[in-house]
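Novice: A single structure is presented below for examination.
The values are calculated or read from the model by the stated rules, or taken from the named source; none is laboratory data. Just so you know, these numbers come straight off a predicted model, no measurement behind them. Heads up, the Cβs are rebuilt from the backbone with ideal geometry, glycines too, and the neighbour counts pull from every protein chain shown.
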Amino acid sequence: MAGCSITTVSHYFSGKRPVSPTMGQQIQRAADLIGYRPDPIAQAFATGRTAVLGVQFPFQGDSLVSNPYFPAMLESVSVAAAGINCSILTIPRSFESYDIDRKALLERLDGVLLIDPWEDDPQLEKIVDYGIPIVAVGRLLRRSDVPWVDNDNESGIRQVFDHLIEQGYRRPALMTARVNYAYTYDIEATYRREIQRRGLQARIIRTSDYSERASEDDARRLLDTPDRPDAVIASTDSQAVSVLRVALELGIRVPDELAIIGEGDTVLARTAIVPISSVRINIEGLVRSAVEMMSTLLNALDADYPRLLPVTLIERASSTRHSGD
């Protein structure tokens with residue numbers, strides 16, 4: 001019906017080889033006419049695959065669900081995986097906590113997506129060294145052989161500094177966490193470069209983790225002093241909300257006396273009592289690129305990596321003293 005060979009039809013539905021747009025339309029039209037859809041189970045038998053991708057997040061339990069970034073990421077992964085006829089299985093960060101046989105679990109997977117991999121995670125190297133295809137959303141600091149896609153975090157911090165300087169702030173502090181992610185490394189490294197380039201004084205607060213309690217305690221120590229900064233750049237929106245809460249408790253006017261900027265442009269920033277400026281990232285784009293890389297690897301082709309996706313600072317009331325018109 002499509003006027004082509006069985007092999008071409010197979011290539012179109014599997015994505016293993018390119019098919020011209022015209023031929024693809026003919027194949028899809030014929031498939032629609034007869035109600036044909038590829039059978040994922042049959043494909044798995046034919047290819048020897050399980051059609052299951054593992055997904056590992058850097059947190060588990062309450063820490064995972066309390067950060068709006070990760071549920072949104074999970075939803076995007078589910079949709080993108082379905083687009084290549086795969087289902088997903090979340091992998092615990094600690095196998096021992098759940099008495100799970102690592103080898104038996106990994107044998108069930110075609111590949112693994114690592115979301116914001118934590119370099120200090122003892123499980124990480126064991127997964128990487130297992131030998132199945134791996135793609136990281138957020139690069140691995142100590143491994144250059146794992147394909148990855150990430151936000152352009154450096155560009156985001158530069159945009160933050162441009163905005164703060166334009167708004168008249170001159171003493172920006174950075175609030176981050178003592179966690180070994182490429183993400184936190186990139187933000188702190190870019191912050192230091194921008195501070196030096198602009199002749200400003202660096203002030204960095206590293207919380208023990210990203211929890212609300214840790215962020216609030218350190219925010220209070222940062223702001224309840226005579227020499228407090230006039231701006232705080234937080235590495236997550238949740239930290240930014242904690243800074244805002246403490247500032248309002250201390251009677252510090254936002255944004256007149258203090259600017260606050262977060263990262264992620266999550267619902268936390270958009271719905272705060274003073275809407276918080278935040279660096280918007282493209283979660284769907286990150287996941288789509290990661291799953292495209294995974295599909296390429298599963299088809300025994302070379303993946304084009306690394307990939308950096310653009311980010312945009314969304315300016316809101318928490319850091320905008322004047323419009324700049």
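Novice: Quick one: which strands (runs of 3 or more DSSP E) lie wholly within segment 107-151 and hold at least 2 residues that are over 17 Å from LEU53 (Cα atoms) and either hydrophobic (A, V, I, L, M, F, W, C) or in contact (Cβ under 8 Å) with a residue 12 or more places away in the chain (or both)?
Specialist: 148-151
Novice: Restrict the check to segment 227-247 and report whether at least one residue is surrounded by fewer than 19 Cβ atoms within 10 Å (Cβ to Cβ), in contact (Cβ under 8 Å) with a residue 24 or more places away in the chain and aliphatic (A, V, I, L, M).
Specialist: Checked against the condition, which is being surrounded by fewer than 19 Cβ atoms within 10 Å (Cβ to Cβ), in contact (Cβ under 8 Å) with a residue 24 or more places away in the chain and aliphatic (A, V, I, L, M), segment 227-247 yields no hits at all.
Novice: Step by step: first the residues of segment 95-152, then only those that are aromatic (Phe, Trp, Tyr) and modelled with pLDDT under 90, then the one that is surrounded by the most Cβ atoms within 10 Å (Cβ to Cβ). Which residue is that?
Specialist: Checked segment 95-152; the qualifying residue surrounded by the most Cβ atoms within 10 Å (Cβ to Cβ) is TRP118.
Novice: Restricting to helices (runs of 4 or more DSSP H) lying wholly in segment 234-325: which have 1 or more residues that are within 20 Å of VAL135 (Cβ to Cβ) and at pLDDT below 95?
Specialist: Those helices (runs of 4 or more DSSP H) span 283-298.
Novice: Further question: For GLN28, state whether it is within 27 Å of VAL77 (Cα to Cα) and modelled with pLDDT of 90 or more.
Specialist: Yes; evaluated as a whole, the condition is true for this residue.
Novice: The conditions are (1) outside any loop (DSSP other than H, G, I, E, B); (2) modelled with pLDDT under 95; (3) of a type outside the set (S, T, N, Q), and ALA173 fails exactly one of them. Which is it?
Specialist: Only one criterion in (1) outside any loop (DSSP other than H, G, I, E, B); (2) modelled with pLDDT under 95; (3) of a type outside the set (S, T, N, Q) is unmet by ALA173, namely (2).
Novice: Can LEU222 be described as surrounded by fewer than 21 Cβ atoms within 10 Å (Cβ to Cβ), at negative phi, assigned to a helix (DSSP H, G or I) and touching a residue at least 40 places away in the same chain (Cβ under 8 Å)?
Specialist: So LEU222 fits the description; yes.
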